[in-house]
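A short write-up of the structure that comes next.
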Amino acid sequence: MKEYRPLLAALAVIALLTPAGVYLPELVKGGSAWGEWGVGEIRKLIGYAPREMEKTADAWKAPLPGYSLPGRKDTPPEPGLAYAVSAFVGIAACGGCAYLVARRLAARGGRDGRR
């Protein structure tokens, strides 16, 4: 576990910096966070919304919609906290999946003699 400390520390720093995505656009009068535009915002930015984007806009439901904590219907008083929680949840989910895949591959390699 010691060998992973620098990686885990870097991921924690990145997760803690994610609220910058909430506050920076407000500070520079840049609109919403880059890349998080909905169909309406795209239409306003470029004058139209791509047909495929409109068709698939509701296909995915986020586990933490609007970066809001579970049980909260409104925007949290401190959106940075919810943003950071979302980052940690995402890191944990991706890390957990990678760990499970690595274990499965390692078990497979040991079974048929390859390592």
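Here are the numbers for this structure:
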{"quantity": "Relative packing of peptides 8-17, 84-93, 97-106 - highest average C-beta neighbours within 10 Å first", "calculated": "84-93, 8-17, 97-106"}
{"quantity": "Cα-centre dipole for the range 1-57 with unit charges at Cβ (Lys and Arg positive, Asp and Glu negative), debye to 20", "calculated": "20"}
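No lab work stands behind these numbers, since they all come straight from the coordinates. In this text, all values refer to a predicted model and were calculated from it rather than measured experimentally. Because the Cβ atoms are built from the backbone with ideal geometry, glycine has one as well, and the counts that use them run over all protein chains shown.
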